[in-house]
Amino acid sequence: MTFSPGSLITIERHILEQQRRYPEATGALTGLLYDIALAAKIIARETTRAGLVNILGAAGSANVHGERQQKLDVFADEVIFRMNDHTGRVCVLASEEHDDLRPIPEHHPRGGRYALIYDPLDGSSNIDVNVSIGTIFAIHRKVSVGERGSLEDVLQPGHKLVAAAYVVYGSSTMLVYSTGQGVHGFTLDPGVGEFLLSHPDIRIPAAPTYYSVNQGYEATWTAGVRQYVAWLQGLDGTREPLGGRYIGSLVSDFHRNLLRGGVYLYPGTPEKPAGKLRLTYEAQPLAFIAAQAGGYASDGLGDVLDLQPTSLHQRVPFFVGNRDLVERAEAYLRTHDTEYLARYAQERQGAAG
Ligand code: F6P
């Protein structure tokens, strides 16, 4: 699809144009992407008003990972669910804020062709200090038999994703999505309430600018990660140092590096070989988008998109960004972290077995 420079393209039109390439398409995926964009607008409205209305602070419940859950998390989670529970397009939902799958309620049409997996508000510890946060979506095709969706639909390798998207609520709200035909970014014009195409065909720049890691945890890193980060910093004298940037909100860190080039890492440690991030809710969709933009994501051993998830809230070490930088991380781990990699591989295998 080519749009002449300067033309105003709404996300709706863009999605429709993409659908036209598939004469067999029923419009269900298009409708689902529309609904995601609408949910994003509603969440954006609340996040930007969060300092004004009395919505800040902990909701008093902890999610399955034991993290403090903020009121906006609950709100975003409900908006996305209620936007999609009755459309007949989705067979099952999975939210990072819930232990189990979220089935379609009895009284709504079932038999939808897609499974929707989402992290409603990522980086939520940043909410009450007015720092960018985000939402992540992943869409799989239904593969289970029977009308109701099941875990089988949600636990699929990332290379089977039909689409992935994220929204970053920052100095402006942006929605970035891919259906496997490149990566496209839209900026919300709050005046007209439309997402307008601002970043067509995003490609990660060949020359990287930043590295992003929580340096505060350096004491817990393996030797390979330490040496890799020293290399990124140019400490061994073989390269110019990259700038360090870490927001602590995965979507925002990922988004910046996608546009400027670089690498984000949340490595595993000897104590927690799989690290912190979630495979299905965070790593798979962002790995899919990175790959579509010419980048690469690894768990330290290989392509994140090849991993077969075994449980809903499975964690995974995550290195994502420019391919050469991520491959260099793999090489450092292979050289210096054989013991750690063996443990992680065993844990991964155990989870799969
Ligand atoms: O997974 C949740 C999350 O908040 C990510 O958005 C973010 O990148 C990461 O955790 C930050 O974790 P930490 O505070 O340990 O660096």
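Among the residues in the range 100-117, are any within 16 Å of the ligand (Cβ to nearest atom) and under 17 Å from Glu46 (Cβ atoms)? No; the residues of the range 100-117 include none that is within 16 Å of the ligand (Cβ to nearest atom) and under 17 Å from Glu46 (Cβ atoms).
Can you pull out the helices (runs of 4 or more DSSP H) entirely within the range 212-330 that have at least 1 residues that are touching a Lys or Arg at 6+ places or on another chain (Cβ under 8 Å)? Give the derivation first.
Numbers: elements: 223-232, 250-260, 284-292.
The helices (runs of 4 or more DSSP H) meeting that bar are 223-232, 250-260.
Could you identify the single residue in Thr335, Thr238 that is more than 12 Å from the ligand (Cβ to nearest atom), at pLDDT below 95 and either surrounded by fewer than 18 Cβ atoms within 10 Å (Cβ to Cβ) or at positive phi (or both)?
Working: Thr335 fails: at pLDDT below 95.
Testing whether each residue is more than 12 Å from the ligand (Cβ to nearest atom), at pLDDT below 95 and either surrounded by fewer than 18 Cβ atoms within 10 Å (Cβ to Cβ) or at positive phi (or both) leaves just Thr238.
Residue count for the range 124-154 satisfying the condition of being buried (at least 20 other Cβ atoms within 10 Å of the Cβ) and away from the ligand (no atom under 16 Å from the Cβ): 6. For the range 182-206, a residue qualifies if it is more than 23 Å from the chain's Cα centre (by Cα) and among the small types (Gly, Ala, Ser), and the qualifying residues are Gly191, Gly193. Regarding Arg82, is this residue surrounded by fewer than 23 Cβ atoms within 10 Å (Cβ to Cβ), free of Cβ contacts under 8 Å to residues at least 12 places away in the same chain and not in a strand (DSSP E or B)? So Arg82 passes the test. Sub-8 Å Cβ pairs linking a first residue in the range 256-269 that is within 13 Å of the ligand (Cβ to nearest atom) to a second residue that is aliphatic (A, V, I, L, M) and assigned to a loop (DSSP other than H, G, I, E, B), at least 6 apart or interchain, are Arg256/Ile247; Asn257/Ile204; Tyr264/Val213; Leu265/Val213; Tyr266/Val213; Tyr266/Leu277; Pro267/Val213; Gly268/Ala274, ordered by first then second residue.
The values are calculated or read from the model by the stated rules, or taken from the named source; none is laboratory data. Given the structure is predicted, the values throughout are model-derived calculations rather than measurements. Cβ atoms come from the backbone with ideal geometry, glycine included; neighbour counts cover every protein chain shown.
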